[in-house]
Amino acid sequence: MSYKAKILLIYTGGTIGMRKDFDTGALKAFNFSKLLQRIPELKQLDCAIETISFNNPIDSSNMNPAAWAKIATIIEENYISFDGFVVLHGSDTMSYSASALSFMLENLAKPVIFTGSQLPIGDLRTDAKENLITAIQIASLRKDNQPVISEVCLYFEYKLYRGNRTTKINAEHFKAFTSPNYPDLVESGVHLKLYPELFLKYIPDEKLQVHKDLNTNVAVIKMFPGISEVVLAAILNIPSLKGIVLETYGSGNAPTEDWFLSLLKKAITNGLYIINVTQCSGGSVNMGQYETSTGMKEIGVISGKDITTEAAITKLMYLLSQNIARNEFKILFETSLRGEITY
């Protein structure tokens, strides 16, 4: 008898498991056990599925590091017993959660696949069934008695992406996500088309390490023409602030005015980490390519290269919690830890 992979389905909340309130018309989470009753097709999959649910499922708008730690703990406690994990999650913050979990789960050797839907499972035209069934099928894939996937991924609308490379791009279309700077790992059609050369390499004999404490003394600042010295200074001088993700123009460009660079330099001197990411939907920061980024490079702003904002802010939370020496922090942030940036 062939080996049947064991998959743990973790329900955190989100549209995939919601129903309409007949009185208000609003979407509300319903009992998770009923979700499985609505998908009898799951019984046809060649794997054993068990389920666990948050006691109080949440809309993904309420997702936070405490909930990430809860997901990580569930995976940690069940890691030996299961071959893969599928996390059902609201789409709005799914890219943040997939990015965060990629950093929190060090030496991961099994698949953790996030998925969800744009329409509730009970809707006639729902995308929930395909997303869930295929995510479980991919999590079950094995070769030479090892999982084919050994990283945190996100599956949505016929595509499997590296989780920390994704961003949500559409609130209405079924194709809600994209991976702007890294190719799809798997395409789902009549057959599953895998691109194994793109997968993170499986590292045997490394013990899973779970990092549950993230430092949330961080902020994202999006540059815009007309941003004032007063506004920027107010943010940079927040007493407990430890790090900033600065969304700049194009390949990492920002104003060259004296007040702007002076504020950044003072903040860095005072111990703040500033990460430069592009606010473009794709492409990479290349500080020094233009004069408008050379000044930031000279004062010690860290390059986010082609990292997404979602991965940048969660990586910042993770690294800040690791008590890393200041001279090593920049090196580590600019290094790919979980495949989140291109070398």
Residue list for segment 110-128, restricted to those being in contact (Cβ under 8 Å) with a residue 40 or more places away in the chain, under 18 Å from Met94 (Cβ atoms) and of a type outside the set (A, V, I, L, M, F, W, C): Pro111, Thr115, Gly116, Ser117, Gln118, Pro120, Asp127
Does Gly163 meet the test of being within 14 Å of the chain's Cα centre (by Cα), crowded, with 24+ Cβ neighbours inside 10 Å and modelled with pLDDT under 95? no
Out of Asn78, Asn107, Asn56, I need the residue that is free of Cβ contacts under 8 Å to residues at least 60 places away in the same chain and in the same structural domain as Pro120 (by TED's automatic domain parsing). Which one? Asn56
So, in segment 143-160, of the ones that are in a loop (DSSP other than H, G, I, E, B) and β-branched (Val, Ile, Thr), which residue ends up surrounded by the fewest Cβ atoms within 10 Å (Cβ to Cβ)? Val148
Hey, could you check segment 208-220 for residues that are part of a loop (DSSP other than H, G, I, E, B) and out of contact with any Asp or Glu (no Cβ under 9 Å at 6 or more places or on another chain) and say which is nearest to Ser81 (Cα to Cα)? Asp213
Return the residue satisfying two criteria in turn: it lies in segment 19-61 and is in a helix (DSSP H, G or I) and surrounded by fewer than 14 Cβ atoms within 10 Å (Cβ to Cβ), and of such residues it is modelled with the lowest pLDDT. Lys34
Among the residues of segment 49-65, count how many are over 19 Å from the mean Cα position of the chain (by Cα) and among the aliphatic types (A, V, I, L, M). 2
Single residue of Val231, Val190 found to be part of a loop (DSSP other than H, G, I, E, B) and among the β-branched types (Val, Ile, Thr): Val190
Just to be sure, is Ile275 out of contact with any helix residue (DSSP H, G or I) (no Cβ under 6 Å at 6 or more places or on another chain), crowded, with 17+ Cβ neighbours inside 10 Å and at pLDDT 95 or above? no
For Leu198, state whether it is out of contact with any helix residue (DSSP H, G or I) (no Cβ under 8 Å at 6 or more places or on another chain) and either surrounded by 16 or more Cβ atoms within 10 Å (Cβ to Cβ) or not assigned by TED's automatic domain parsing to the domain that holds Ser281 (or both). yes
Residues within segment 66-90 that are among the polar types (S, T, N, Q) and within 11 Å of the chain's Cα centre (by Cα), tallied: 0
Among the residues of segment 127-135, is any of a type outside the set (A, V, I, L, M), within 22 Å of Phe103 (Cα to Cα) and either touching a strand residue (DSSP E or B) at 6+ places or on another chain (Cβ under 7 Å) or at pLDDT 95 or above (or both)? no
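The values are calculated or read from the model by the stated rules, or taken from the named source; none is laboratory data. Here the structure is a predicted model, which is why all the values come from computation and not from measurement. As a convention, Cβ positions derive from the backbone with ideal geometry for all residues, glycine included, and neighbour counts pool all protein chains shown.
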